[in-house]
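Read-outs throughout are calculated quantities, based only on the coordinates presented, and are distinct from any laboratory measurement. Note that the structure is predicted; figures quoted are calculated from it, not measured. Note: ideal-geometry Cβ built from the backbone for every residue, glycine included; neighbour counts use all protein chains shown.
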């Protein structure tokens, strides 16, 4: 089925609800979902909600606010209510995403009920079905909608549609929460999250927009696209990277020769 046909099916499915709350992360998936919901139901029947916590890059909140304003949609922002005080979450088990998603979606459902909205929707897509996604268990348990997944839309198709619809995030690199940079079993702390965010921000500003800084205690493992490896190893660039990461508290620095890949810590499961 062509992407445009799937998009029409997406909107048809959304019209089955009188009103909807859309979990808006600021990425291309949730942005397309929000645009489709507004197109299908009208902006007055849609509420975008962003959950913002220390596990997210700080700049994402500004991007979410700009996106909601561009789409003329109501936006609510929920702040972290003790996620980093939750021992089960901070222990960083392999089902960490389930614990997190259950907490966040529970808050979204409570807000939807308070606002009298008929349903809650999140932005998982068809490609996510083939990956290790423990958070999807929470989606199923709480009966949250995954309209993009139900319509069979892949990441490539979502980017294509978002570009055609003029959404500014159509080519925004995927950016899962900062916890995904920490090995399972290693504790999650505010300091570690800050180190990761600061290190990735420096690398992005240095010319590496798609990057993961994997945190292995005193060792930082950099993942970037293979075609950029020669660039980061250029002595003047490498010297600045070394200096920055040392200042952030890392003693050792490595470049992952496998290159950038999503969910590399899932490879050990």
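The distance between label points at residue 246 and residue 85 comes to 3.9 nm (points 7 Å beyond Cα on the Cα→Cβ vector). Using the Cβ-Cβ distance between residue 231 and residue 184 with R0 set to 41 Å, the FRET efficiency works out to roughly 0.85.
Ranking of 229, 136 by neighbouring Cβ atoms within 10 Å, starting from the fewest: 229, 136.
If I take R0 = 35 Å and measure r between the Cβ atoms of residue 72 and residue 191 in this structure, what FRET efficiency does the formula 1/(1 + (r/R0)^6) give, to the nearest 0.05? Efficiency for this residue pair is about 0.35. For the pair region 221-266 / region 96-143, the C-alpha centres are spaced 33 Å from each other. For the chain, the longest principal axis of the Cα atoms and the long axis of helix 3-14 meet at an angle of about 60 degrees.
Largest GNM mean-square fluctuation among 210, 164, 227, using the chain with Cα springs under 10 Å: 227. From least to most packed, judged by other beta carbons within 10 angstrom and beginning with the fewest, 154, 254 follow the order 254, 154.
Each DSSP beta bridge with both residues in the chain is either parallel or antiparallel, and the antiparallel ones are about 25%.
Taken along the Cα-to-beta-carbon direction at a fixed 7 Å, the label points for residue 62 and residue 258 span 3.4 nm. Considering only 190, 68, 23, the mean-square fluctuation computed in a Gaussian network model of the chain, springs between alpha carbons under 10 angstrom, is largest for 190.
In this simple spin-label approximation, residue 107 and residue 163 carry label points 7 Å from Cα along the Cα→Cβ vector, and these lie 3.5 nm apart. In degrees between 0 and 90, to the nearest 10, how far off the longest principal axis of the chain does helix 155-164 point, with axes built from Cα atoms? Around 70 degrees separate the two axes.
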